[in-house]
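Everything on this sheet refers to the single structure shown next.
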Amino acid sequence: MRVGLHLDIVLEEDLERDRVVARKAVVYDVVERLITISQTSPSFVRRHLGDRINASYVTTVGEGENKRPVRMGFPATILEYREDYPLASSNLVPAFVLQQDGKPVEINLRMHYRVHPMIESDLALQANGETVNLIDISLGGIQFSHRRKEPPLKYGGIVLKLSSGSRTFRIDGQIIRIDTPVSPGGRGEDMEYVMVKFLSLNRDAEAFLGKKILMIERELIAAGKV
């Protein structure tokens, strides 16, 4: 753990509800098990004091050709809120203090991390045979958008085909949310946004997605989008 490290923080209560909001933060200071971090995005508030969280970050292990990115995670408790943390002599900022409750260990991404692929990420998605716009993806599920059709898409089972290069994976999923934005005039827009939870993910697909998600994350960091 070091100053300047970028963290992804997930509330344990969110994980228990099978929903993930990965909050971004930067490490300001480390004193033994006490870690001072920036205000998160989305923001923490005072009511989160005392809550348990899971914090994770990406690092590299190995050397030479064996060097690879891994995600390390650790449990912690939100201990304190500081309204005027002295980031510099003339710069006072809000900050939170975490108490680290366990050593960092390599974690399986699963539902923990959701990325927004870029065009260069080489991922294409079909839903029930229709080519759709991939918005974000994790090892727990996927979100896409498409134009509304008649009859409209319904909640329930859906068959996904995820392709990258010459590889295609068939994944059974369940639609858990369908959103249709409303225009200022009160009319529903032509696009709808669909959240799908994976019901089946074989070993090959899981291994491929785990590597792909880490690669996309590195691409986003390099492009300054994380």
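The values are calculated or read from the model by the stated rules, or taken from the named source; none is laboratory data. Note that the structure is a prediction, hence the values are computed from the model and not measured. Neighbour counts run over all protein chains shown; Cβ positions are idealised from the backbone, glycine included. With ligands, DNA and RNA removed, areas are computed over all heavy atoms of the protein, side chains included. Shrake-Rupley method; radii C 1.70, N 1.55, O 1.52, S 1.80 Å.
Each residue in the range 118-137 was checked for being closer than 16 Å to GLU219 by Cβ and not hydrophobic (A, V, I, L, M, F, W, C), and 4 pass.
Just a yes or no: is a residue in the range 119-126 of a type in the set (Val, Ile, Thr), outside any strand (DSSP E or B) and free of Cβ contacts under 8 Å to residues at least 24 places away in the same chain? Yes. Determine, yes or no, whether ALA76 is open to solvent by 30 Å² or more (accessible area, probe 1.4 Å) and closer than 23 Å to ARG33 by Cα. Against the criterion (open to solvent by 30 Å² or more (accessible area, probe 1.4 Å) and closer than 23 Å to ARG33 by Cα), ALA76 does not qualify. Screening ARG2 on (1) of a type outside the set (Gly, Ala, Ser); (2) assigned to a loop (DSSP other than H, G, I, E, B); (3) more than 24 Å from LEU214 (Cα to Cα); (4) open to solvent by 30 Å² or more (accessible area, probe 1.4 Å) shows it passes everything except condition (3).
Screening THR131, THR59 for residues that are open to solvent by less than 70 Å² (accessible area, probe 1.4 Å) and in a strand (DSSP E or B) leaves exactly one candidate, THR59.
Contact map, the range 19-39: first residue assigned by the TED database to the domain that holds ASP84 and modelled with pLDDT under 90, second residue loosely packed, with under 15 Cβ neighbours inside 10 Å and part of a loop (DSSP other than H, G, I, E, B), Cβ cut-off under 7 Å, separation 6 or more or different chains; pairs are VAL21/PRO42; ARG23/PRO42. Scanning the range 30-44 for residues that are exposed (fewer than 14 other Cβ atoms within 10 Å of the Cβ) and hydroxyl-bearing (Ser, Thr, Tyr) yields a count of 2. Criterion applied to LEU153, LEU162 was being open to solvent by less than 90 Å² (accessible area, probe 1.4 Å), assigned to a loop (DSSP other than H, G, I, E, B) and over 28 Å from SER41 (Cα atoms), and the one residue passing it is LEU153. For the range 98-118, a tally of residues being modelled with pLDDT under 85, buried (at least 18 other Cβ atoms within 10 Å of the Cβ) and part of a loop (DSSP other than H, G, I, E, B) returns 5. Could you tell me whether SER43 is assigned to a strand (DSSP E or B) and either modelled with pLDDT under 90 or farther than 20 Å from ARG2 by Cα (or both)? Taking the combined requirement at face value, the residue does not satisfy it.
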